[in-house]
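Have a look at the structure below before the remarks.
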Amino acid sequence: MKKLILVTSPPACGKTYVTRKLAKAMTNCVYLDKDSLIVLSKQIFKVAGEEYNRSSDFFEREIRDYEYYAIMEVAYEALEYNDTVFINAPFTREVRNKEYMDELAKKLAAKNTTLVVVWVHTDIEVCHQRMIERNSDRDTWKLEHWDEYVATRDYSQPEGIPGLIVFENSSDEDFENSLHQISYYLRNM
């Protein structure tokens, strides 16, 4: 059975690091990162004459959903060539939208593929510190408006997703325990 593994959480919870480590623990897989599309997003901001701000109304209206459509299309194609595909992306709205998740699971089932959702749980204070340390231009607005930004994000575990896997990532010990348990599970499912 094929697997599409969505590794999700709000920004700076450690999705990229977690997804890369999980993917490397597999014997063979495809790793996709929605952040690879940021170069295109930056060009859209530039051509539109808009300030680069991934928290802006412009981003929400003109870019966000298209990044998700694009990464999903690449994932569907990758499933034609490999049995395990990881997507590293927030999916923060999508994982809370039962209709979206049901439709995705149904579409994947028609392709003989199981949907696996891994939620990376990280304490908000740890996320803030990681965002500061990664020093990325995509976080400038978020860090300058931290309280406003955090108020717009839901760090709670999504509900209603069958088989949701929670990857604890607030400390090195949490990370190591989760990596061991979840990679074992994914290899043997």
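Pairing residues of the range 161-183 that are under 11 Å from residue 121 (Cα atoms) and in contact (Cβ under 8 Å) with a residue 40 or more places away in the chain with residues that are assigned to a strand (DSSP E or B) and of a type in the set (A, V, I, L, M), at Cβ distances under 6 Å and at least 6 apart in sequence or on separate chains, gives 165/118; 167/118; 167/120; 169/120. Of 69, 76, 17, all but one fail to be closer than 22 Å to residue 143 by Cα, among the hydroxyl-bearing types (Ser, Thr, Tyr) and out of contact with any Asp or Glu (no Cβ under 8 Å at 6 or more places or on another chain); the exception is 17. In the range 79-91, of all residues being of a type in the set (A, V, I, L, M) and surrounded by 20 or more Cβ atoms within 10 Å (Cβ to Cβ), the one that is nearest to the chain's Cα centre (by Cα) corresponds to 89.
Does residue 94 satisfy the criteria of being out of contact with any Gly (no Cβ under 7 Å at 6 or more places or on another chain), surrounded by 15 or more Cβ atoms within 10 Å (Cβ to Cβ) and over 23 Å from residue 189 (Cβ atoms)? Answer is no for this residue. Taking the criterion of being at pLDDT 95 or above and not in a loop (DSSP other than H, G, I, E, B), the residues of the range 149-171 that qualify are 165, 166, 167, 168.
Here residue 135 meets each of (1) in contact (Cβ under 8 Å) with a residue 12 or more places away in the chain; (2) at positive phi with one exception, condition (1). Just one of the numbered conditions (1) part of a loop (DSSP other than H, G, I, E, B); (2) modelled with pLDDT of 95 or more; (3) among the aromatic types (Phe, Trp, Tyr) is not true of residue 91: (2).
The values are calculated or read from the model by the stated rules, or taken from the named source; none is laboratory data. In this text, all values refer to a predicted model and were calculated from it rather than measured experimentally. When we count neighbours, we look across all protein chains shown, and the Cβ atoms used for this are built from the backbone with ideal geometry, even at glycine.
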